[in-house]
Amino acid sequence: MLAERRLMIEDHIRRNKRDTLLVCLFMLILLFGVIFAFGYALGFPPYIAMVIGLPLALLYVGLTYSFSVQSVLSAAKARPVNIKNRDEKILDYKVEELAIAAGLPKPRVYVQDSSDINAFATGRKPGEAVICVTKGALQKLNTEELEGVIGHEMSHILNRDILLATVTVGVVGAIALISEILLRSFLWGRGGGRGQRNVVLLIVAIIFVILAPIFSRLTYLFISRRREFLADANGAYLTRNPEGLARALEKIKADLPDDPRGSKTVAPLYIENPFKRSTYSSIWSTHPPIDERIKRLREM
Amino acid sequence: MWIWILLIILLFLIIVGIPVYYYNKIIRLENRIDNAWAQIDVQLKRRADLIPNLVKTVKGYMEHERTVLENVTKARTALMKAKTPQENMDANNQLTAALKTLFAVAENYPNLKANENFLQLQDELTHTEDKIAYARQHYNDSVLAFNNAIETFPGNTFARLLGKKEKEMLQIPEESREKPEISF
């Protein structure tokens, strides 16, 4: 009989952070690889390619980081919480309580007038964070389940997942951009540089450049899913109650969204992708399968 | 030639970097504990501040329940006088017990239950209790993180050099261990 290994919540958290670090390293290597290929194909010595390419990539990432919180809120059509309404007052209370549990300043609380159950967190730093919950969530979840959801969102803020997601998307974009330029210059025959170049290396560079954007996107989605598991584990740790979030996820699963709001780019920030129609997940999903998430929570 | 220089620089960074990293980590975790305690303190004060208003609101309706009100006031005084973290926690638990009795007794007074002010105060007090519970949890989490850092290698070496000792967690008494069924 196989013994069931029960991982402590803390072990889940530690493992996840370690894995994310490894994957980010992989992304960086990919980025350097592409810059290298770029410089090499154009006949530049490698370090010149880095000196030009790296600042460009960093600039790109920096710009996407200044991604304003306001645009996310407008896309979701969110409004500030109204504490005169009892449900919303309780939401405000719970956000304040879990911020204390996490040792964070209290995020601003917003509400999205949508009937499906969902929530998201955003903000460039913990000091400027925002948590938004749908009206549907307030109506359909009990206090325990709501705490589970808020715990999950608070964990995203605590673990700087917004920053991680933005930077990763930036890197993916940079890789795609550089690859595209390189490919175009090959196709239009402008790839001629001075001096001899190894043809085999050139072919490797081309293959690399074609595959790099795909791999970096898959890596980003992998990171996204891992961070969702981390937010689940960390959220359960904050509330000391994995069952609350597990029940909330069950309700979300049963509750199909009838009018998804918000732009597709902010979909990964939600606790469950609002544009998803089915419950299965593939390597192209931003979130892990709901059943797997519930199972892991129940094993804690 | 370049490679040696690079290696020496790297070695230097490691030798300087490691102590700096662990020193900063220990300091940061210790500050987190102080901050966590300050947070508990703030919530305890807030709770103590709400009590006089509660007693005033309730007195008019529950004139005959003198012992219940007295217990609440006594517990509040104990809370104001408490000094050490453990004293504060014990006084807080005493106040929680006294309030539980008060709210249970209030069930027999439908006029009181309809009073807007009373309902607001009840919500606020429950909210403050939850905040204290979470603040206590965060305090203990911070103590755990700190103790882990100064007990594991190589943090323990630096901790000994700095004279850092393990901190104690706050004890939670048996009765308040059961998760309260607070339904809003």
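None of the figures in this text is laboratory data; all of them are computed from the coordinates on show. This structure is a prediction, so every number in the text was calculated from the model and none was measured. Because the Cβ atoms are built from the backbone with ideal geometry, glycine has one as well, and the counts that use them run over all protein chains shown.
Using the Karplus equation 6.51 cos²θ - 1.76 cosθ + 1.60 (θ = phi - 60°), what ³J(HN,Hα) coupling, rounded to whole Hz, does each residue of the stretch A:102-107 give in order, writing x for Gly and Pro?
Computed from phi, the couplings for the stretch A:102-107 are 8, x, 10, x, 5, x Hz.
If r is the Cβ-Cβ distance from residue B:104 to residue B:151 and R0 is 45 Å, what FRET efficiency results, to the nearest 0.05?
Values: r = 44 Å, r/R0 = 0.98.
Efficiency computed from Cβ-Cβ geometry: 0.55.
Report, to one decimal in Å, the Kirkwood hydrodynamic radius for the stretch A:96-161 based on all distinct Cα pairs. Walk me through the intermediate numbers first.
Details: mean 1/r = 0.0848 Å⁻¹.
The answer is 11.8 Å.
How much FRET efficiency would the formula 1/(1 + (r/R0)^6) give for residue A:22 and residue A:253, where r is the Cβ-Cβ distance and R0 is 25 Å, rounded to 0.05?
Working: r = 31 Å, r/R0 = 1.22.
Efficiency computed from Cβ-Cβ geometry: 0.25.
Which semi-axis lengths, in whole Å and largest first, follow from the square roots of five times the eigenvalues of the Cα gyration tensor of chain B? List each step's numbers first, then the result.
On the way: eigenvalues 507, 47, 30 Å².
The equivalent ellipsoid of chain B has semi-axes of 50, 15, 12 Å.
Highest mean first, how do B:7-14, B:158-165, B:36-43 rank when packing is the count of other Cβ atoms within 10 Å averaged over residues?
Details: B:7-14: 10.1, B:158-165: 13.5, B:36-43: 18.1.
Per-residue Cβ counts within 10 Å, averaged per peptide and sorted highest first, yield B:36-43, B:158-165, B:7-14.
May I ask for the angle, rounded to the nearest 10°, between helix B:66-81 and the longest principal axis of chain B, with both axes built from Cα atoms and the value confined to 0 to 90°?
20 degrees
Would you tally the net charge around residue B:158, using a Cβ to Cβ cut-off of less than 14 Å, leaving residue B:158 out, and scoring K and R as +1, D and E as -1? Don't skip to the answer; put the middle values down first.
Working: positive: B:25, B:28, B:160, B:164, B:165; negative: B:30, B:151.
So the environment of residue B:158 carries a net charge of +3.
For labels at residue B:74 and residue A:83 in the simple 7 Å Cα→Cβ model, what's the distance in nm?
With each label point 7 Å from Cα toward Cβ, the separation is 3.4 nm.
What does the charge count around residue A:85 come to, taking other residues whose C-beta lies under 11 Å from its C-beta (Lys +1, Arg +1, Asp -1, Glu -1)?
In short, +1.
Rounded to whole Hz and in sequence order, give me ³J(HN,Hα) for the stretch A:163-172 from the Karplus expression 6.51 cos²θ - 1.76 cosθ + 1.60, θ = phi - 60°, writing x for Gly and Pro.
Karplus-based 3J(HN,Hα) across the stretch A:163-172 equals 4, 4, 4, 4, 5, 4, 4, x, 5, 4 Hz.
So if I place +1 on the C-beta of Lys and Arg and -1 on the C-beta of Asp and Glu, and nothing else carries charge, what would the dipole magnitude of the stretch B:28-174 be about its Cα centre? I want it in debye, nearest 20.
Numbers: 20 positive and 20 negative charges, 89 e Å.
Magnitude of the dipole: close to 420 debye.
For chain B, find the longest principal axis of its Cα atoms and tell me its angle to the long axis of helix B:2-59, 0 to 90°, nearest 10.
10 degrees
Return the subset of A:77/B:113; A:106/B:45; A:17/A:106; B:56/B:83; A:251/B:131 for which the Cα-Cα distance in this structure is over 30 Å, preserving the input order.
On the way: A:77/B:113 38 Å; A:106/B:45 19 Å; A:17/A:106 24 Å; B:56/B:83 27 Å; A:251/B:131 27 Å.
Pairs exceeding the cut-off: A:77/B:113.
Which distance in nm do the two modelled labels at residue B:117 and residue B:28 give, with both placed 7 Å along the Cα-to-Cβ direction?
Calculated label separation equals 4.8 nm.
Residue B:64 versus residue B:15, label points 7 Å from Cα toward the beta carbon: distance in nm?
8.4 nm
For residue A:163 and residue B:49, what does the FRET efficiency come to when R0 = 60 Å and r is the distance between their Cβ atoms, rounded to the nearest 0.05?
Numbers: r = 38 Å, r/R0 = 0.63.
That pair, residue A:163 with residue B:49, gives E of 0.95.
Where a Cα-Cα gap under 20 Å defines reach, which lysines qualify for residue B:165, not counting those fewer than 8 residues away within the same chain?
Answer for residue B:165, where 20 Å is the Cα cut-off: B:25, listed by chain and number.
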